[in-house]
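Following: one structure in structure tokens, then a few remarks.
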Amino acid sequence: MTPEKKRALVVGPYRTHNFGDDLVGAILTRHLQTQGYEVVVPKLGEENCEWLGIKHEPSYQGMFESSDVVVLGGGGIMSDTSGAKPGASYLEIITRAGMSGALRGKTLYATSIGAGPWHLDKSKMLAFGVSLLAEKIGVREAESYEHLLKLGVGRGKLKLGADLALLTPQLLDFPQGNSRKLGIQFDVTNFPSVQNNPNLAEIIHTLEAYVASNQNGVMLLKNGKARPGLSGSAPDAERLVYSTLEDYLPKLGGLRSIFTSHLHLAITSFSQRIPTFSLYVREKTRRFYEQINRPERAVDLETATVDDLRRLIDLAQEAEWSEQDELALQSLKAKSREILEFVR
């Protein structure tokens with residue numbers, strides 16, 4: 001009689017059906033499958049589940065009881081700034097998940113996460129609670145590591161690594177596109193902190209004018225299902241809107257460079273050896289560019305000027321993958337594997 005497979009439950013921000021979140025869930029799934037687990041990722045989209053060869057589960061009902069391991073993974077789920085506004089948080093969800101697993105004697109891991117900063121005392125309490133329950137916590141950059149140390153989490157429980165999205169081509173099998181266009185994603189209206197930049201309107205106008213005059217050479221990107229923010233200025237430009245990983249990854253991989261305001265498009269493109277540039281809306285994006293030793297390729301949109309935009313677009317048009325980029329990629333991939341390999 002064939003022994004029954006162990007079961008792993010992956011908990012994260014998968015109800016939003018956002019590209020970056022779904023991608024990390026898929027990478028965790030593939031890794032756990034290589035460890036012999038049957039994997040469930042509640043609320044992950046049906047088509048993504050089918051592509052990964054797992055059963056679609058619309059809720060968590062009965063999932064904790066039937067799982068051997070619980071993995072909290074992906075995104076800024078141990079901060080209270082995981083959405084556009086401070087206070088938006090998955091901390092309550094993952095704390096409940098951690099407690100549900102612990103009460104049933106399940107092994108609990110958290111990995112590829114952002115932790116802190118915390119604006120709310122309640123958030124600090126919840127993050128510390130998750131940390132007490134987890135056997136091991138893998139964070140994707142040094143700031144999260146320091147935030148958790150200051151919260152009182154012991155060094156022996158923490159592992160500093162890099163975002164799992166850097167392992168995309170290694171763990172997910174998909175064909176490579178070849179559009180060789182400049183990918184542009186710029187969605188900033190939901191981020192109040194950047195609205196006070198007196199240069200913002202001119203930056204947006206300049207970017208709209210650029211895509212309007214280069215419609216054949218750009219691809220407008222969106223990491224969700226809504227239409228890309230610059231579509232009205234370039235109605236004839238090719239668009240790539242996220243629906244499924246199977247459809248999205250090959251087309252993203254065919255770009256020659258990318259300009260984006262968000263993190264996971266930058267990371268995933270870099271993982272596929274595509275030069276990336278950002279006017280960013282969140283500090284976690286700046287940290288990534290520091291990790292790849294390209295701080296000059298990222299500018300804070302709160303203080304950016306039109307000259308910053310023009311410089312980055314000019315660089316993106318001419319950029320080629322370099323030996324410096326390759327060395328940074330290989331180093332970061334090794335760090336990514338360190339916060340994946342303890343999940344078993």
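Listed conditions (1) part of a loop (DSSP other than H, G, I, E, B); (2) modelled with pLDDT of 95 or more; (3) within 20 Å of Tyr289 (Cβ to Cβ) are all met by Asn216, apart from (3). When the test is whether a residue is over 27 Å from Ala115 (Cβ atoms), more than 18 Å from the chain's Cα centre (by Cα) and in contact (Cβ under 8 Å) with a residue 12 or more places away in the chain, Leu220 passes it. Taking region 234-344 as the region of interest, the strands (runs of 3 or more DSSP E) fully inside it that hold 1 or more residues being touching a residue at least 60 places away in the same chain (Cβ under 8 Å) are 257-260, 276-280.
Pairs are defined by a Cβ separation below 8 Å, a sequence spacing of at least 6 or placement on different chains, a first member in region 85-97 that is at pLDDT 75 or above, and a second member that is surrounded by fewer than 17 Cβ atoms within 10 Å (Cβ to Cβ) and of a type outside the set (Ser, Thr, Tyr); the pairs so defined are Thr95/Gly129. For region 282-329, the set of residues classified as touching a Phe, Trp or Tyr at 6+ places or on another chain (Cβ under 8 Å), closer than 23 Å to Asn196 by Cβ and small (Gly, Ala, Ser) consists of Ala298 only. Considering only residues in region 225-236 that are surrounded by 15 or more Cβ atoms within 10 Å (Cβ to Cβ) and of a type outside the set (A, V, I, L, M), the one that is farthest from the chain's Cα centre (by Cα) turns out to be Ser233.
The values are calculated or read from the model by the stated rules, or taken from the named source; none is laboratory data. Just so it is clear, the structure is predicted and the values come from calculations on it, not from any experiment. Please note: Cβ atoms are built from the backbone with ideal geometry, for glycine as well, and neighbour counts cover all protein chains shown.
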